[in-house]
1. Which net charge results for the neighbourhood of B:K169, defined as the other residues with beta-carbon distances under 11 angstrom from its beta-carbon, given Lys and Arg at +1 and Asp and Glu at -1?
2. How do A:E309, A:E73 line up, fewest other C-beta atoms within 10 Å first?
3. GluC sites (Glu not before Pro) within segment B:243-315: which are DSSP loop residues with at most 13 other Cβ atoms inside 10 Å?
4. Taking a quarter of the surface of the convex hull around the Cα atoms of segment B:2-147, what do you get in nm²?
5. Do any trypsin sites (Lys or Arg not before Pro) in segment B:154-200 lie in a DSSP loop with no more than 12 other beta carbon atoms within 10 Å, and if so, which?
6. Take the Cα atoms of segment B:182-338, find their three principal axes, and give me the spread along each one in whole Å, biggest first.
7. Which whole-percent values make up P(r) of segment A:72-228 when all C-alpha to C-alpha distances are grouped in 5 Å steps starting at zero?
8. If every alpha-carbon in segment A:138-189 counts as one equal scatterer, what log10 I(q)/I(0) does Debye give at q = 0.17, 0.19 1/Å?
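What follows is calculated from the coordinates using simple rules that are stated; it is not laboratory data. If you're wondering where the values come from, they're calculated on a predicted model, not measured in any experiment. Here Cβ is always computed from backbone atoms with ideal geometry, including for glycine, and neighbour counts include all displayed protein chains.
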2 protein chains.
Amino acid sequence: MRATLMYGAGDVRVEDVPDARLIEPTDALVRVTRAAVCGSDLWPYKSMPHDDAGRRMGHEFIGVVEAVGSDVETVKDGDLVVSPFLWSDGSCVFCREGLQSACLHGGRYGLDDVDGGQGEAVRVPPADGTLVVLPLRADEALMASLLALPDVMGTGHHAALVAKVGRGKIVAVVGDGAVGLCGVIASKRLGADRIILLGSNPERTALGQELGATDVVRERGEEAVARVRELAEHGAHSVLECVGLEQAVDTALAIARPGGAIGRVGVPEHDTTATGVAFWKNVSTAGGPAPVRAYIEELLPDVLEGRIEPGRVFDRTGSIEDVPDGYRAMNDREVLKFQIKP
Amino acid sequence: MRATLMYGAGDVRVEDVPDARLIEPTDALVRVTRAAVCGSDLWPYKSMPHDDAGRRMGHEFIGVVEAVGSDVETVKDGDLVVSPFLWSDGSCVFCREGLQSACLHGGRYGLDDVDGGQGEAVRVPPADGTLVVLPLRADEALMASLLALPDVMGTGHHAALVAKVGRGKIVAVVGDGAVGLCGVIASKRLGADRIILLGSNPERTALGQELGATDVVRERGEEAVARVRELAEHGAHSVLECVGLEQAVDTALAIARPGGAIGRVGVPEHDTTATGVAFWKNVSTAGGPAPVRAYIEELLPDVLEGRIEPGRVFDRTGSIEDVPDGYRAMNDREVLKFQIKP
């Protein structure tokens, strides 16, 4: 069959490869009817060192099932199916929680005898856990939108969900690529009041406005921040970071409202930074100076009724004249926390 | 009156200062009955350059109201009151949302004619917005726990809330200082199943166990991560980072479960990093590889019924033989997203 391989930066070839075939009893063999090139496919296209073996490409596809292994239950020959950009078993603890992208037994297309999506056919491992059957035959008008589901639309939706987009919210979307535009769609779908799209490409931002963006900011860096602040005095409640470059992350932080949320789906420029580690684990990070005024009222009944005893952290008490020694003792780790009775 | 001033690293003095007095009609004058030294007071104690004027210290206190300005409505002479570590107006948009630590008109104790808490009396600006009246006279047994409310208990509670602590959750608390121990209390109060306390001080971790920690990890760095993984195979759902040093943040990220949440209340070592900016704004950051398998089912009805049209991001279609040129065109930004019909 024909399939796409990348041999290095700028070197993409369509070649004959062995036909896709069932290997495991949980596999499905899917004849690809639509596939896509992802923005993330462009990273190796820009920088991949030459590799004589080539790398099978593609992780976004729709297709028709041609054969299934003996253990497959939910998918059958002739079904039109869509795959997420990762395959997953559907049964591990993370899949059951809805975080299939952290599947303990899942993986990527194009590796380890699993075909890439940019080819004529794909062996899909754990077919039951991975594939979703579409309730129609090939309706041409919808096919492109269905092809957005394996990655860009789901990714824009993820950004909007984790950025807590909802009714009454001001949203800013950083990036006018396919994921950013899908972030606009997702934000509108989730009821955002106002959607500010940050992007410099006139055609893409125009499409963004058709898809739901209420405002476009073409500036970059500090000028972009100033422009967003003109549109939203305290910043945006929800910021969808759909680029991944450090400058985009800095912009996202600068335009976020105090107490706001940033949804990061732009793959981070550097994997090993704290934000890179958090990204790959889908870990959220929040916090800052505590709004203690609100919490005093919430916690006070528990203190008054003795259900919590935070006062146990005070292990030394002195008069105000003892305060200098209290500092010394805390600094020497001789005292955990010093209490003053003036 | 007597009050605490810091003149530089290691140089804390108790001195006579002008008596606290009402200035604004919204002020209250509070006679301090209990105050505390904060872990954050130790940073200038370690590093503050000498300052001839000295800095008024203290932001955690309880006291009795001696006088109020003409505009104060909720606080009266003789009330026993507790203050958050920041003062706030109670009426701005952030205060109304419960994020008083981002009050547009609030501030810190010890600056701009507002007294510090480590002294005999304090002028408290916007008294109505800042002070909480305690429904009792001075009950000695509870006073230490009430004194934890202005900062450490509220801060530990904030860490637990933003780390999404709740029933069924495995929690890890990084740091055995007063805030970390209050994070243990908060996690137990919010129903955590298991609370792993990471700290090296035997007395403090023993207190942590009395307050609710189910496990203690004394190791640091990679050994600590390995030990947590023995206790919780995939990591902790909720991690409370109560230190602020970069190593503690790295540990928090390493022990967080995929899909988990980190609550950061340890004041960051570096203010200008992305995590430092996020901290001071109380902005949350989340995201990573989207669990598209779950979202396909959620979004599919909207695509099938035409309510969303993410397919509009595909602006060129070609056969599989056209794929190499599709990569080129996307890389040249000539095409937004390339669709393949094999």
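1. Details: positive: B:K164, B:R167, B:R194, B:R257; negative: B:D193.
Here the count lands on +3.
2. Numbers: A:E309 18, A:E73 9.
With the fewest neighbours first, A:E309, A:E73 line up as A:E73, A:E309.
3. B:E305
4. Working: hull surface 35.6 nm².
The directionally averaged projection comes out at 8.9 nm².
5. Values: sites: B:K164, B:R167, B:K169, B:K188, B:R189, B:R194; in loops: B:K164, B:R167, B:K169.
Taking segment B:154-200 and a limit of 12 other Cβ atoms within 10 Å, the loop trypsin sites (Lys or Arg not before Pro) found are B:R167.
6. 69, 36, 31
7. That works out to 2, 9, 15, 16, 17, 13, 12, 9, 5, 2, 0, 0, in percent per bin.
8. Rounded to two decimals, the profile gives -0.51, -0.60.
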